[in-house]
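Colleague: Encoded as structure tokens, here's the structure I'll be asking about.
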Amino acid sequence: MYTLSLFLLALFSLYISVFAFFRWDASFLRNLNHAPVQALFILAFGLLLCAALVLLYRLVKGLSEKNQKRLGLILFLVLALGQLGFLMVIRPQLRYDPLKIFDMAIEMLRTHTISGTYETGYFARYTNNYPLTILTYWFLRLLQGVGVPESGFQVAVQLVNVVCILGSVWLGYLILKEVKGRTEAVFFLGVCALCPLSYVWAGYFYTANCSMPFLMGILYLGIRIRKTLSRPKANLLSLTIPFALLGLVTVFGFKLRATAAIALIALCIDGALLLWRRRAEGLAKLISRTVRTLAVPCLAFMLTAALSLGFFSAAVNTYVDFDYKNTGFPAIHWVMMSARWDGSFDQNDENYTVSFETKEEKTTADLKVLKERIKEAGSLGLVTLSGRKLLNTWVDGTDSYQAEDSYASYGKLYDCLIGNKSGLLLIYTQAFRTLQMLVIGLGALFALVALRKKKRAPRFFLVQLTLLGSMAFHLLWETNPLYSIGFTYLCLMLLAEGIAGFADALAANVSAIPASGVSVSTTAHSSSGTSRLWLAPAAGTVLLALLLVFTKKELVDTPIEAWDYAIDQYQYAGGYDGYVTSYDQSYVQTFTTDKPFNRISIRAINTVGPYNQSAFCVRLTDDQGTVVYDNDRFLSGMVTKSALYEFVLDEIVPNGRTSYTLEIWPGYIEDENSLEFLSYNTGNWDLYSGGELTVAGETQPRGDLAFAVYEYRVTTYFSLKQYLVLCVGLMALAVGVTVLSRKRLR
């Protein structure tokens, strides 16, 4: 089992790492957007990142225990302040599924029930989101009770999300401290502080982040239990309490996101393997002793697990008053949907499952489609499908945070982190993922070799097995880059452990060089070669310099299109009015901005197509009543299905913060020759608080059109001055890492 698990983890991780070199969005490189250039960028950044991490580890190792504690606290504060700073400066907004949960929780403050008809039946289908929705509702009710204004609710749940992330990091620190020692635990905090993913998901309040500390908690409790059992005389109470906590943590984690239970499965497998390795002592005797020792603790586990399950069951029955057992999707739905191309979400599959009324009918229908797809794919097709699913979940170093998140603050920092000029951060993030997967894969290979030679179980096998379980799970389940978020700190623990092992081996080899510097043995030859490993960051520095020279034309001289947003409210839900049927059905959206703009886009649905004969009138006025844009020839046939439609304006430069009014009304409509204008109009959460929506003369409470206001311009990715400053900064860092690496190796 050890051999198979380590082999599969190595195979999966190395496979992902190979594709990670060139499977990322390098469109900002324009004409150099080719796989070889992408791979060279990742290689250069990866070599320098690896060298920097080795230096960081050696710095930590050289500190006294007291200073290591201080550094650990500083790094943890850096993580906390970085996430809080991201929330305050960039102001990420909840979108998609996280927004639906938050929005429903706000609605429950009035209705005290989860709606089965919300957003075309979202909660009727996705029963797995009930626990987080109910917990969020209780939290908001508490905030409401102590007088927190509704405008602060989103920030409040995002702060809970930050606590979950930081809790996961701290548990990772404790796990490494238990298994490897304080040095590697503090180094892990340093790795987390350098990883961009530790910050960009600060506002993403959803099951992936909220379940993460529970997954990490299961692993930590498991390690503590194993340590207690290794003592000659394990105290019953010292076992019963962790087992009771384990039951509670497991159920809460599972209810928030089922993948948290992978850690418990890994814990059970790891425990069984430990018993099997001691079978020479007599397997029957070992099992009997284990049963006697763990009987009471296991009862405590089952009791807390049962109570927790009962707690969630009672909560769901209290707040869900429709037949969710028949409307909800069965587990086989996600397996069926994943058995195609790369395993990602497919609207047609969702519509297919929805078309059946009962749970039994849904299960039978989905199982039938699954069998057909398996048969059609064949053995080779299933192997290639597995490969694509692995890549879809794990290869993207950003976990698609740029596409998933939305933001309320736009500026230069936004551009560099998220927006038009975030390409170099993207390269760094992708290099981090590539190095991470490479180190995890090589670490599993070395553990496998050590297992074969020394017949000793890997010390970090529990974490490795949990990560393997998460990869295997998504070979069966729906895939999405977002689904790897919940395992971020598992991966970073393995990265820290792998880099630390490499640095220790490197130091051991270098220290073997004779004082005279003369190679007197094979070992000395090897050590002398090892001492020249500073050439790796040197090669990365040279390669980076060459790439910066060759990409100057694309990043400085080549014109690009840029969209500088003032407002980007593209979400829609709740306001499904159908196509406009009355000449009185006008739409009036107000907004406020102090940024220049020359484009406004809206989202509308054209069901007829290019032959739609209807037309609408559009007018934009400022707060002085001055008409700044007037269009009486907005032809519906120009709207493509539900894509954004853009109005081109003359450059408008507000004199300070200025309010504007966008009006849309029908000029000519006839039956389906019309448009449906999409809006976010659930009446619960106001996504854009800087304006309001009026439909047919009636103000929509907390409603807004799906619209955006921005300045379109043709520019270059960087000015020459910006690019020179960037190049000097990058080269200074690269040369610094190289010089320090050489000094450390001497």
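Colleague: Nearest 10 degrees, 0 to 90: what angle lies between the long axis of helix 182-194 and the longest principal axis of the chain (Cα atoms)?
Modeller: Roughly 20 degrees, rounded to the nearest 10.
Colleague: How much net charge surrounds residue 439 when only other residues with a Cβ under 13 Å from its Cβ are counted (Lys, Arg +1; Asp, Glu -1)?
Modeller: Values: positive: 433; negative: 497.
So the environment of residue 439 carries a net charge of 0.
Colleague: Kindly express, to the nearest 10 degrees and within the range 0 to 90, the angle between helix 2-20's C-alpha long axis and the longest C-alpha principal axis of the chain.
Modeller: That helix lies at roughly 50 degrees to the long axis.
Colleague: Per residue of segment 294-307, in order, report the coupling 6.51 cos²θ - 1.76 cosθ + 1.60 (Karplus, θ = phi - 60°) as ³J(HN,Hα) in whole Hz, putting x for Gly and Pro.
Modeller: After applying 6.51 cos²θ - 1.76 cosθ + 1.60, I find 9, 4, 5, x, 5, 5, 5, 4, 5, 5, 5, 5, 5, 5 Hz.
Colleague: I've got another one for you. In the structure displayed, which of 100/177; 180/453; 227/455; 61/227; 180/454; 233/255 lie more than 27 Å apart, Cα to Cα? Don't skip to the answer; put the middle values down first.
Modeller: Values: 100/177 39 Å; 180/453 21 Å; 227/455 21 Å; 61/227 25 Å; 180/454 19 Å; 233/255 35 Å.
Checking Cα-Cα distances, 100/177; 233/255 exceed 27 Å.
Colleague: Taking residue 412 as the anchor, which lysines have their alpha carbon closer than 17 Å to its alpha carbon, excluding any fewer than eight residues away along the same chain?
Modeller: Cross-link targets: 421, 595, 721.
Colleague: Which shape class, rounded, prolate or oblate, goes with segment 167-322 when its Cα gyration tensor gives a ≥ b ≥ c as root eigenvalues, a/c under 1.5 marks rounded, and past that a/b bigger than b/c marks prolate?
Modeller: Values: a/c = 2.43, a/b = 1.20, b/c = 2.03.
The shape class here is oblate.
Colleague: Next question. Output ³J(HN,Hα) for segment 135-143: one whole-Hz value per residue in order, computed from phi by the Karplus curve 6.51 cos²θ - 1.76 cosθ + 1.60 with θ = phi - 60°, and x for Gly and Pro.
Modeller: 4, 5, 4, 4, 5, 5, 5, 5, 4
Colleague: Separation of segment 289-314 and segment 140-184 by C-alpha centroid, Å?
Modeller: So the two Cα centres are separated by 27 Å.
Colleague: What is the ratio of the Cα radius of gyration of segment 664-722 to 2.2 N^0.38 Å, with N the residue count, to two decimals? Don't jump to the answer; show the numbers that get you there.
Modeller: Values: Rg = 17.9 Å, N = 59, 2.2 N^0.38 = 10.4 Å.
Here the answer is 1.73, to two decimals.
Colleague: Hand me the chymotrypsin sites (Phe, Trp or Tyr not before Pro) from segment 287-344 located in a DSSP loop with no more than 14 other Cβ atoms within 10 Å, in residue order please.
Modeller: Working: sites: 301, 311, 312, 319, 322, 324, 334, 341; in loops: 322, 341.
Counting only loop positions with at most 14 other Cβ atoms within 10 Å, the chymotrypsin sites (Phe, Trp or Tyr not before Pro) in segment 287-344 are 341.
Colleague: Can you give me the long-range amide H partners of residue 406? Hydrogens built in the peptide plane at 1.01 Å from N, cutoff under 5 Å, separation of 5 or more residues or another chain.
Modeller: For residue 406, whose amide H was placed from the backbone, the distant partners under 5 Å are 93.
Colleague: What ranking do 599-610, 348-359, 701-712 get when scored by the average of other Cβ atoms within 10 Å per residue, highest first?
Modeller: With the highest mean Cβ count within 10 Å placed first, the list reads 701-712, 599-610, 348-359.
Colleague: Related question: As I understand it, the value is the acute angle between the Cα axis of helix 359-394 and the longest principal axis of the Cα atoms of the chain; what does it come to in degrees, rounded to 10?
Modeller: The angle comes out near 60 degrees.
Colleague: As I understand it, the dipole of the chain uses +1 on the Cβ of Lys and Arg and -1 on the Cβ of Asp and Glu, about the Cα centre. Which of 50, 556, 118 lies farthest toward its positive end?
Modeller: 50
Colleague: Cα centroid distance between segment 194-220 and segment 27-97, in Å?
Modeller: 16 Å
Colleague: For every other residue with a beta carbon closer than 14 angstrom to the beta carbon of residue 312, add +1 if it is Lys or Arg and -1 if Asp or Glu, then tell me the sum.
Modeller: Numbers: positive: 255, 257; negative: none.
Here the count lands on +2.
Colleague: Please state the charge dipole magnitude for the chain, taken about the Cα centre, from unit charges on C-beta atoms (+1 on K and R, -1 on D and E), reported in debye and rounded to the nearest 20. Don't skip to the end; give the middle numbers.
Modeller: On the way: 65 positive and 56 negative charges, 1275 e Å.
Using only the charged Cβ atoms, the result is roughly 6120 debye.
Colleague: Check the straight Cα-Cα distances from residue 371 and name the lysines below 17 Å, setting aside those fewer than 8 residues away within the same chain.
Modeller: 362
Colleague: Over segment 562-716, what is the relative contact order in whole percent, taking alpha-carbon pairs under 8 Å and six or more residues apart? Write down the numbers at each step before the final one.
Modeller: Values: 416 pairs, mean separation 65.0, N = 155.
This gives 42 percent for segment 562-716.
Colleague: Given contacts defined as C-alpha pairs under 8 Å and at least six residues apart, what's the relative contact order of the chain, whole-number percent?
Modeller: Working: 1207 pairs, mean separation 133.4, N = 746.
Normalised by residue count, the contact order of the chain is 18 percent.
Colleague: Which value, in debye to the nearest 20, describes the size of the charge dipole of segment 562-716 about its Cα centre when Lys and Arg Cβ atoms bear +1, Asp and Glu Cβ atoms bear -1, and nothing else is charged?
Modeller: Values: 9 positive and 22 negative charges, 72 e Å.
Charge dipole, segment 562-716, about its Cα centre: 340 debye, nearest 20.
Colleague: When the Karplus curve 6.51 cos²θ - 1.76 cosθ + 1.60 is applied with θ = phi - 60°, which whole-Hz ³J(HN,Hα) does each residue of segment 420-433 get, with x for Gly and Pro?
Modeller: 4, 10, 9, x, 5, 5, 4, 4, 4, 5, 5, 5, 4, 5
Colleague: Quick one: net charge of residue 184's neighbours, Cβ under 10 Å, K/R +1, D/E -1?
Modeller: Summing Lys/Arg as +1 and Asp/Glu as -1 gives +2.
Colleague: Could you sort the peptides 256-264, 192-200, 715-723 by per-residue average Cβ neighbour count (10 Å cutoff), highest mean leading? Before the final figure, lay out each step's value.
Modeller: Details: 256-264: 23.9, 192-200: 21.3, 715-723: 14.7.
In decreasing order of mean packing, 256-264, 192-200, 715-723 become 256-264, 192-200, 715-723.
Colleague: Answer rounded, prolate or oblate for the chain, using the Cα gyration tensor with square roots of eigenvalues a ≥ b ≥ c: rounded when a/c is under 1.5, else prolate when a/b is larger than b/c, else oblate. Don't skip to the end; give the middle numbers.
Modeller: Working: a/c = 2.00, a/b = 1.34, b/c = 1.49.
Verdict is oblate for the chain.
Colleague: What is the packing order of peptides 679-687, 585-593, 208-216, 382-390, taking the mean over residues of other C-beta atoms within 10 Å and listing the highest first?
Modeller: Details: 679-687: 22.9, 585-593: 20.7, 208-216: 27.2, 382-390: 16.9.
In decreasing order of mean packing, 679-687, 585-593, 208-216, 382-390 become 208-216, 679-687, 585-593, 382-390.
Colleague: Quick one: which residues, 5+ away or cross-chain, put their amide H under 5 Å from the amide H of residue 658? H built at 1.01 Å from N.
Modeller: 593, 594
None of the figures in this text is laboratory data; all of them are computed from the coordinates on show. As the structure is a prediction and not an experimental result, all values here were calculated from the model. Quick reminder, even Gly has a Cβ in these numbers, built from the backbone with ideal geometry, and neighbours come from all protein chains shown.
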